[in-house]
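Right, one structure below, let's go through it.
The values are calculated or read from the model by the stated rules, or taken from the named source; none is laboratory data. This structure is a prediction, so every number in the text was calculated from the model and none was measured. All Cβ positions, even for glycine, are placed from backbone atoms using ideal geometry, and neighbour counts span all protein chains on display. Areas reflect the complete protein model, heavy atoms only, side chains present, ligands, DNA and RNA absent. Shrake-Rupley method; radii C 1.70, N 1.55, O 1.52, S 1.80 Å.
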Amino acid sequence: MRRNRGLQVLLLAVVAVGLLTQFTDWPPWAVIVGGVSLAVGALVLVPGRAGHAAEVTVGRVPALAPAFQPRTGVQAEMTKAREAGNDVVLHGTGGTGTTQLAAAVAHEATGSGADLVVWVDAAAPASVVTAFALAAYQVDAPGVTGTDVSVDARALVAWLEETDRRWLVVFDGVTDLASLDGWRPGNRTESGWVVATTTAPVTGAQPERWTRVEVGPFTAAEAHEYLTDCKLVDDDAADLVAELGHLPLALHRAVSYLRAERVACGDYLQRWIDRRKTVVDPAEAAVLLAVDAAHRYRPTGRTLPALRMAAVLDPAGQPVAVWANAALVGFLTGGEPGNAATGIRAATVLHRYGLVDHDRRLGAWAVRMHPDTAHAVRKNLPADVRDDAARAAADAVLDTWPDDDAYPRYAVHVQVLRANAVFLARLDGDPLWRPEPHELLWRAGIALERAGLSAAAIEYWQHLVDTGERLHGPRHRATLIAVGRLAASQGDAGDTTAAVATHERVVAGLAELDGPGHPQTLDATERLAVAYLADGRGDDAVALLEQVLQVRTATLGPDHADTAATAERLAEWTRDR
């Protein structure tokens, strides 16, 4: 990789020196210096793959809290695990700061010159595959294609196992450690390390080369140091810390409120206690207290809709383009005039009160919300308000989706949009199915197919099939569309037997719904014939396609384009038999 970059610099320098010699009267030393400078500058400024892996960070590494506490006890356990050659899984309940600890490791790695840092929001569908593929493309790993996501992702695993470069992979928000099997490099050199975070129960035997490090609340000393670093210690600070149970997330919310409202620790504590009289969950009380204050922030009336919007989108990352979109802005303003800055300003207010993390520089991940905060907000939303927010969010995500979502050029942006679409599709109450299925439901699944993420596509379409059958029954048109997409994804994954069975469901459903001779039924029947052929059932495929051709000829005529296409396919099949 370095040799390739050096050769590019040399060639460009020769060309630049030649041009400067021809068109300037500079002295020789100036021509040489100018030529090399132009060559290096061109390679730095022209986008493309990184010339050296040291430049590569894939994914969004969260910023550290302004008064981040290093948690020396936890850090010591992590260091001990790494010295023993083990990867680390940081395990703790929500709000204990596992993500922040992993982010500290990632920032230390980039700051100390690590060649590659990959940050994966592991709760998102296909995020591991997409992130690994992008990393492989960026480091120019052997075997990388730039067109096949699955192949490129596997190429990175092989590269990590063999390279002597320094690297770090972080899987944040893992729901099942077993899901990482095959993605952790095996017999690798000592140059790399894997860190995972999870709030899911870690039971049973500890997987090979994993060291589980428990992350609990702050110690009393850490909590006091946190408030001290924030310059918020007063006579009531110890009581506040104790009431909040030393929990890092709770203290972060308290600090944000103290700064925004300019009140003392005792004032916040009393307000929090009063708010707790209305709810059981102490974390929920803190969220609602911040909401009460933020809702008064000018321009009034927009902060609460913004909070609802953030809660129905993917907490792991929401693009700045979505927050600037007209559909989202219209939801915030209730249809009154607004512009792209309206949504950004509303997110800034939420950030001020610790309800979201907002940083426009992060682009695709500009707005983040802690999952516990999002859950507390959604829990207190009336169903109709939640559904309105979800549909407006879906409009914004769909409107932001690029027409060309090809890998790898738009992979990062589309990956985040997909994650938001899937999150919306899985919301309680199924808001994207009412009153009619939202177009985003189909766009997200098709994007998974286009990216070659067959396993994720099958899981997604199966969820839509289950939802459609639950809401509308197996013969509803939307349900059958989802079944058809599921069949296609099964075929793409090579599961031809399952694909045949699923295609048969589609044909039976459409025949009952529209009749066996309807154009959509005939299209589905022809796809079933193709599935038969892929499954090795050539005779069945030909017989079925002959039936389709007979009906098309009788209803459309022999010269119709659809009839001609079916006849050409049938001729090809019979010729090849």
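All of (1) over 14 Å from Asp387 (Cα atoms); (2) touching a Leu at 6+ places or on another chain (Cβ under 6 Å) hold for Trp433 with one exception: (1). Set side by side, the residues Ala106, Ala153, Ala114 differ, and just one is in a helix (DSSP H, G or I), in contact (Cβ under 8 Å) with a residue 24 or more places away in the chain, aliphatic (A, V, I, L, M) and within 15 Å of Thr57 (Cβ to Cβ), which is Ala106.
Taking the criterion of being in contact (Cβ under 8 Å) with a residue 60 or more places away in the chain and open to solvent by 20 Å² or more (accessible area, probe 1.4 Å), the residues of the range 260-284 that qualify are Asp281, Ala283. Pairing residues of the range 77-98 that are in contact (Cβ under 8 Å) with a residue 24 or more places away in the chain and among the β-branched types (Val, Ile, Thr) with residues that are in a helix (DSSP H, G or I) and open to solvent by 10 Å² or more (accessible area, probe 1.4 Å), at Cβ distances under 9 Å and at least 6 apart in sequence or on separate chains, gives Val88/Glu77; Val88/Arg82; Val88/Val105; Val89/Leu177; Thr96/Pro248; Thr96/Leu249. Restricting to the range 360-370, and then to whatever is of a type outside the set (Gly, Ala, Ser) and crowded, with 16+ Cβ neighbours inside 10 Å, can you tell me which residue is nearest to the chain's Cα centre (by Cα)? Result: Trp365. Per this entry, Ala238 is counted among residues that are surrounded by 15 or more Cβ atoms within 10 Å (Cβ to Cβ), aliphatic (A, V, I, L, M) and free of Cβ contacts under 8 Å to residues at least 40 places away in the same chain.
Residues are listed down the side, and each one gets a yes or a no for (1) at pLDDT below 90; (2) of a type in the set (Lys, Arg):
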{"position": "Asp399", "(1), (2)": "no, no"}
{"position": "Ala406", "(1), (2)": "yes, no"}
{"position": "Arg418", "(1), (2)": "no, yes"}
{"position": "Leu427", "(1), (2)": "no, no"}
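Put simply, of Thr110, Thr198, Thr145 the only residue that is polar (S, T, N, Q) and touching a helix residue (DSSP H, G or I) at 6+ places or on another chain (Cβ under 6 Å) is Thr145.
Per-residue answers, yes or no, for (1) under 22 Å from Trp401 (Cα atoms); (2) part of a helix (DSSP H, G or I); (3) open to solvent by less than 50 Å² (accessible area, probe 1.4 Å):
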| site | (1), (2), (3) |
| --- | --- |
| Gly452 | yes, no, yes |
| Ala457 | yes, yes, yes |
| Gln462 | no, yes, no |
| Thr497 | no, yes, no |
| Thr502 | no, yes, yes |
| Ala511 | no, yes, yes |
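Of all residues in the range 291-315, how many are in a loop (DSSP other than H, G, I, E, B) and either modelled with pLDDT under 90 or of a type in the set (S, T, N, Q) (or both)? Residues meeting the conditions: 8. Among the residues of the range 422-450, those identified as open to solvent by 30 Å² or more (accessible area, probe 1.4 Å) and under 23 Å from Leu134 (Cβ atoms) are Phe423, Arg443, Ile446, Glu449, Arg450. Condition test on Leu432, is it hydrophobic (A, V, I, L, M, F, W, C), over 20 Å from Asp395 (Cβ atoms), outside any loop (DSSP other than H, G, I, E, B) and at pLDDT 95 or above? So Leu432 does not fit the description; no. Restricting Gly473, Gly557 to those that are within 26 Å of Ile458 (Cβ to Cβ) and either open to solvent by less than 70 Å² (accessible area, probe 1.4 Å) or within 42 Å of the chain's Cα centre (by Cα) (or both) reduces the list to Gly473. Taking the conditions (1) touching a residue at least 12 places away in the same chain (Cβ under 8 Å); (2) of a type outside the set (Ser, Thr, Tyr); (3) closer than 24 Å to Asp387 by Cβ; (4) open to solvent by 30 Å² or more (accessible area, probe 1.4 Å) in turn, Leu307 satisfies each one other than (4).
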